[in-house]
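Each reported figure results from applying straightforward, stated rules to the coordinates on display, with no laboratory input. If you're wondering where the values come from, they're calculated on a predicted model, not measured in any experiment. So basically every Cβ, Gly included, is an ideal-geometry build from the backbone, and we count neighbours across all protein chains shown.
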Amino acid sequence: MTLATRQEVLGLYRKVLQIAKNWQSASGQIEETMREKEYIRNEARTLFRKNKNVTDPELIKQCIEECEARIEIGLHYNIPYPRPIHLPPMGLAHKQGRTLRHQEKLRKISKPIYLKSHDEVS
């Protein structure tokens, strides 16, 4: 990891912690605000620690883009949790076989960038 990339990642981490510090929930309730602040801190801590040994520049770039996307979406919609995506259900696929694998592949490909790491951690 280059020095510039390291500084960018550390800057994003600081930015997320600053957002958590100043966070206000949409409802304005103190309990919900505290719960959301804790979620933001825990999510950041977990994801940054999980990715601390990543050395591939392309993967580092993807992680940075995901972090920036989650920050922007969270601030825009005033919710710290990843926004759900709506994909067609897999109920029509057979339990095994090629169709199921194909649908699973399509679901993985169509997942937005801000949800790539969410399923791995949650």
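Summing Lys, Arg as +1 and Asp, Glu as -1, what charge do residues with Cβ under 13 Å from the Cβ of Asn22 carry, Asn22 excluded? Charge balance in the 13 Å sphere: +4.
In straight-distance terms, cross-link reach from Lys15 covers every one of the aspartates and glutamates whose alpha-carbon lies under 17 Å from its own, apart from those fewer than eight places away in the same chain; here that gives Glu36, Glu38, Glu43, Glu65, Glu66, Glu68, Glu72.
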